[in-house]
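Q: Have a look at the structure that comes next, please.
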Amino acid sequence: MAYTSRILWADDEIDLLRPHILFLETRGYEVTSVTNGSDAIEHIRNGRFDVVLLDEQMPGMGGLEALNEIKDLAPDIPVVMITKSEEERIMEEALGGKISDYLTKPVNPSQVLLTCKRILDGRRIESEAASQNYLQSFGQITSALTNPMEHADWVSLYEKLIRYDVQLDADEGVRQVLEDQYSEANRAFSKYVEDSYKRWISDVDSAPDTFRPALSHEVVPRWVMPHLKSEKPVIFFVIDCMRFDQWLEFEKLLSPLFNVERDTHFGILPTATPYSRNSIFSGLLPRDLADQYPRMWADGEDDEHSRNRNEEELLNDLLKRKHVKARVRYDKLVASKDGKEFQQSVHDLLQFDLSAVVVNFVDILAHSRSDSAVLKEIAPDERAYRSLTKTWFEHSWLYQSFQQLAASDCTIVITTDHGAIRSLHGTKVIGDRETSTALRYKYGRNLKCDPRHAILVKDPESFGLPVNNRSNNFIIAKEDYYFVYPTNYHQYLNKYRDTMQHGGISMEEMILPVITMKPKR
């Protein structure tokens, strides 16, 4: 049985509005009418309503007074204020009461219908329109995937899929079609990267062009250093493990405060912090980083995350190589306490030419979802994971820091070292005891894997990767696969299924935002 939306209409001249009520009822709404605020409150207390139409001027309890009591009883119920007055004071009082819309008498039936439909059916109508638009685009996307594409085409396709993913709501059938097409796109993207990556690395001494994207090690020279010439403070944020779709949610909150320019770079392989973030700060590919800083790279051999202990030194050396003089500050924010202390003194950043800030929370959230059954239940799919990240950002010290910086004359550049993907399929890998432990990439000797599910890199230097006695081979997972050893295969297959991982080849891990923001002030 179809759900019937219920409207409560309170107006002391309700008899004059009978034609309006009949008009709404012929459109499928159930309308209850009352002539005063007290009766409206009593109906709210004893019944279920989806929207309230509330006259501002009624004898006895006025509309604004009734509004306050209605919101106390049912804070989430939408209220439309209807009034003869156009005084700004009345409007401000009504808006302060968190009304959903504001209509000025005389109102006509179509105007009331449109308002109710927007409030009650807007989300469904938008979702149905998005479903229709996506189904019309399905063939175009499928056709694009069968034709040669360069990196800019992949960015456009990925953004299109993200926007449909955000817009589609309750139509699970269409969502399943979209998820299947996402998987098809990642298969084609993995093949594109497998065919192109060596060429990108061999051509790395020339500027990015139509055939090669900007890579991790080019972020600082390309997007950060040019702003240092303006003599305004530059603040460079690297938000660890932030995906493109998560950034689009952050951008909705930041765009009222900043002029936002969005670009992209592709994360280097493996899409993992020891490789990609060191490349960002050093301006070097991992093979060159290992050559120039052999002790630094070797020191982290047993603990890959410790390879990121030297980011400040690497950044200063990069500036020196590029003959850029700047007073540099570096912060790495891991715990909540770090972030709160940072936010309280955020204006200190303006005393430096360049401030580099590493934010680890999104990466911690991804790992926490993998380890916590509660978080996995809260964020069981991509939509919920994206929503969880947005909720954190909206109430975070990081958003508060951006709000404070919006009042300053500075340039902010934001990027990430890699994204993450829900790893849903396991694939067997064979290696010796010295093989590294990551789930989406491994290095070692005599590695074996299914070539349909991973790239076997026999010549690491051609991929810009270092070679030593433990890493003469790399394997890098494609799509949403993760590596599992044959021993206790099913145990570990189930343990790591549906966890957020990075290090491999997927649009989510490799296509990364680079944002330049300047305060609107």
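Bear in mind these aren't lab numbers, they're just calculated from the coordinates by the rules spelled out. The structure presented is a predicted model; accordingly, all values stated were derived computationally and were not measured. Ideal geometry is used to build each Cβ from the backbone, glycine not excepted, and the neighbour counts take in all protein chains shown.
Q: I need the phi-derived Karplus couplings for the stretch 452-460: 6.51 cos²θ - 1.76 cosθ + 1.60, θ = phi - 60°, integer Hz, Gly and Pro marked x.
A: Listing the rounded values in order: 6, 10, 7, 9, 9, 9, 7, 10, x Hz.
Q: Between the stretch 1-63 and the stretch 444-507, what's the alpha-carbon centroid distance in Å?
A: 62
Q: Taking a point 7 angstrom from the Cα of Gln176 along the C-beta vector, which residues in the stretch 127-141 have backbone N less than 19 Å away?
A: 128, 131-132, 134-136, 138-139
Q: Fewest first, what order do Glu13, Glu251 take by the number of other Cβ atoms within 10 Å?
A: Glu13, Glu251
Q: Per residue of the stretch 476-487, what does 6.51 cos²θ - 1.76 cosθ + 1.60 with θ = phi - 60° give for ³J(HN,Hα)? Whole Hz please, x for Gly and Pro, Karplus curve as stated.
A: 10, 5, 9, 6, 10, 7, 9, 8, 9, 6, x, 5
Q: Applying the Karplus parametrisation 6.51 cos²θ - 1.76 cosθ + 1.60 with θ = phi - 60° to the phi angles of the stretch 103-111, what ³J(HN,Hα) value in whole Hz is obtained for each residue in order, glycine and proline being reported as x?
A: 10, 9, 5, x, 9, 10, x, 5, 5
Q: Taking 22 Å as R0, compute the FRET efficiency from the Cβ-Cβ separation of His323 and Asp263 and round it to 0.05.
A: 0.35
Q: Would you mind calculating the gained length between Thr26 and Glu126 on full extension (0.36 nm times residue separation, minus the Cα-Cα distance), in nm to one decimal?
A: Length gained between Thr26 and Glu126: 33.7 nm.
Q: Over all pairs of distinct alpha carbons, what does the Kirkwood formula give as the hydrodynamic radius of the chain, in Å?
A: Hydrodynamic radius (Kirkwood, Cα pairs) of the chain is 26.2 Å.
Q: Under the rule of at least 5 residues apart or a separate chain, name every residue whose amide H is placed under 5 Å from the amide H of Ile235.
A: Sorted by chain and number, the residues that satisfy this are Ser355, Thr411, Ile412, Val413.
Q: Quick query: amide H of Asn473 versus all other amide H atoms, modeled in the peptide plane; which residues come in under 5 Å with a sequence gap of 5 or more or a different chain?
A: Gly444
Q: For labels at Glu313 and Ile77 in the simple 7 Å Cα→Cβ model, what's the distance in nm?
A: 6.6
Q: Oh, and also: Taking neighbour counts of Cβ atoms within 10 Å as a proxy for exposure, in what order, fewest first, do Cys241, Cys410, Cys116 appear?
A: Cys410, Cys116, Cys241
Q: Let me ask another. Among the listed pairs Lys232/Lys252; Lys332/Lys448; Lys376/Lys428; Lys84/Lys390; Lys160/Lys448, give every one whose C-alpha distance is greater than 28 Å.
A: Lys332/Lys448; Lys84/Lys390; Lys160/Lys448, as the Cα separations exceed 28 Å there.
Q: Could you line up Phe266, Phe244 from fewest to most neighbouring Cβ atoms inside 10 Å?
A: Going from least to most buried by this count: Phe244, Phe266.
Q: Next question. Relative to the longest principal axis of the chain, what angle (0 to 90°, nearest 10) does the C-alpha long axis of helix 382-394 take?
A: 80
Q: A further question follows. Round to a whole angstrom and tell me the spacing of the C-alpha centers of the stretch 106-169 and the stretch 320-392.
A: Each part's Cα centre sits 31 Å from the other's.
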